[in-house]
Amino acid sequence: LEDLHATDDNATVETRWCQLRNVIQSTAFEVLGCARCQHQDWFDDNDADISNLLAEKNELHKAYVDLRTDATKATIFRCHRLVRQRLREMQDAWMIRKAEEIQGYADRNEMKNFFKAIKAIYGPCIKGTAPLISSDGTTLLTEKSQILKRWA
């Protein structure tokens, strides 16, 4: 914000507003960081089981690195296969539970809960505009009005 006070008096309101906006946005990004997705994931419900599986796999991997024999190699590959299989089973079971829950809402005609459950899984749809390069190829157009004017 100290840099904002050093602007000259001839600066337009638009220039001052852009400077203030940029400072606020950069400060907010530094302090708050990026927003995270708020949708549900299958591994959130199975976090403890997944941690145990991965800890066991990591222990076997350490044993294999310390002692590279055919037996430890076979054991680690068997463990990798079992971990992948168990993770797929967890994911499939979670998806089936969620599908049954959503189908139940649809069958009971509970549309509010139906869309709320779908939104919880997939997250809200983000409506944004993609930036576009100007016709002369020098600047990047980010404002919706500029993009519409460019396409007109």
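The values are calculated or read from the model by the stated rules, or taken from the named source; none is laboratory data. The structure displayed is predicted, hence computed values, not measured ones. With ideal geometry, Cβ positions are generated from the backbone for all residues, glycine too; neighbour counts draw on all protein chains shown.
Summary of values
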{"read-out": "The range 99-152 - residue that is basic (Lys, Arg), within 26 Å of the chain's Cα centre (by Cα) and part of a helix (DSSP H, G or I) and, of those, surrounded by the most Cβ atoms within 10 Å (Cβ to Cβ)", "value": "119"}
{"read-out": "All positions within the range 120-152 that are within 30 Å of residue 96 (Cα to Cα) and free of Cβ contacts under 8 Å to residues at least 60 places away in the same chain", "value": "125, 126, 127"}
{"read-out": "Boolean, residue 82 is surrounded by 12 or more Cβ atoms within 10 Å (Cβ to Cβ) and either at pLDDT 90 or above or outside the structural domain of residue 97 (by TED's automatic domain parsing) (or both)", "value": "yes"}
{"read-out": "Selection count, the range 63-81, where residues are out of contact with any Lys or Arg (no Cβ under 9 Å at 6 or more places or on another chain) and either among the aliphatic types (A, V, I, L, M) or closer than 22 Å to residue 49 by Cβ (or both)", "value": "9"}
{"read-out": "Cβ pairs under 7 Å, 6+ apart, first in the range 9-21 and of a type in the set (A, V, I, L, M, F, W, C), second at pLDDT below 85 and in a helix (DSSP H, G or I)", "value": "20/4"}
{"read-out": "Criterion violated by residue 116 - all others in (1) at pLDDT 90 or above; (2) under 30 Å from residue 18 (Cα atoms) satisfied", "value": "(2)"}
